[in-house]
Amino acid sequence: MELDGRVVVVTGGTRGVGAGIARSFLTAGAEVVVCARRPPDGPVAAAGREASFVAADLRDPAAVRDVCAGIAERYGRLDCLVNNAGGTPYRLLGEGEAQRHARVVELNLLAPMTASLAAYPLLRESRGSVVMIGSVSGTRPSPGTAAYGAAKAGLENLARSMAVEWAPEVRVNSLVLGMVRTELSHLHYGDETGIAAVGATVPLGRLAEPSDVGEAAVFLASPRAGYVSGASLLVHGGGERPAFLDAATVNRGARVDAGAGAGAGAGAETASGAAGTDVAGTDTATANEED
């Protein structure tokens, strides 16, 4: 398969988006190591193969260095690091002390930097790559998750700087995620009707699946993306419909007629945009804080 013999680490890879990424790499033939604070409920597996698990707190530089040393001893190489671990609880800026918001920045920005620095010698030797898992929260206002949005904006900039400093040996790219359907989606959107309504606000008509993110990550790690570095690939189904289009009065009758068959999704669009929460961020946050 395309990545036979390659070794990949996926942080926060025990469930949700991270597990989807890990499964895509397994299907592509790679040896996969998932890293989190606690083990998964069951094996992360695909194509008849299983990912290995390593326990570590990614905010602890010594622990991360130990993970990389263990990978070097077991596999003798590392070809791709996927910095997926991260996330945040919902908390308005005025409702938390600076230290609480700083922990969000530590998890979403400093931890990926720590992991990347620890992995760099192995990645340089293999001429490998780093894939940062970003969020649309880093490209627009993120009320209720402001520290998370700021950290994700910083992560994307960090990736671009790393891509320049570490070239030509190591490529560094970002995936910028929108809403992803995971096992925790019901906590954010309710039952299947609510999930479908939110999905209908996306131009492609649905939430992303973790496998959609995984396939994009496999592409960036593969030889097919050999000349792609310092790039940000949007994985958001076309983004969000601008709210002003629904607020404007011009051609309103035509819009109402065109949207008559859209069902509940048409009405949910503005509310979804205002919430400022993407499942990719909140799902990894829950996974990380619990794992």
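The values are calculated or read from the model by the stated rules, or taken from the named source; none is laboratory data. All values reported here derive from a predicted model rather than from experimental measurement. Note: ideal-geometry Cβ built from the backbone for every residue, glycine included; neighbour counts use all protein chains shown. Keep in mind that these areas ignore ligands, DNA and RNA; they rest on the heavy atoms of the full protein, side chains included. Shrake-Rupley method; radii C 1.70, N 1.55, O 1.52, S 1.80 Å.
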Report summary line: With Rg from the Cα atoms and Rh as the Kirkwood inverse mean 1/r over Cα pairs, the range 86-195 has an Rg/Rh of 1.05
Query - Carbon plus sulfur fraction of accessible area for the range 1-126, probe 1.4 Å, in percent - result: 50 percent
Requested in this report: Quick one: what are the phi-derived ³J(HN,Hα) couplings along the range 64-80, Karplus 6.51/-1.76/1.60 with θ = phi - 60°, whole Hz, x for glycine and proline?
Outcome: 5, 4, 5, 4, 5, 5, x, 5, 4, 5, 7, 10, x, 6, 8, 9, 8
Report summary line: Heads up, the range 36-92 by the C-alpha gyration tensor (a ≥ b ≥ c square roots of eigenvalues; a/c under 1.5 rounded, else a/b over b/c prolate, else oblate) looks oblate
Report task. For a quick protection proxy, order the peptides 211-224, 169-182 by their average other-Cβ count within 10 Å, most packed first. Result -> 169-182, 211-224
Report summary line: Descending packing, highest mean Cβ count within 10 Å first, for 36-47, 126-137, 198-209 is 126-137, 198-209, 36-47
Query - Å² of accessible area per residue within the range 1-108, as computed with a 1.4 Å probe and no ligands counted - result: 45 Å²
Report summary line: The answer for the range 117-214, accessible area per residue at 1.4 Å probe in Å², is 40 Å²
Query raised in the report: Short version: ³J(HN,Hα) in whole Hz for each residue of the range 31-41, in order, from phi by Karplus 6.51 cos²θ - 1.76 cosθ + 1.60 (θ = phi - 60°), x for Gly and Pro, what are they?
Result: 7, 10, 10, 9, 10, 7, 6, 10, x, x, 5
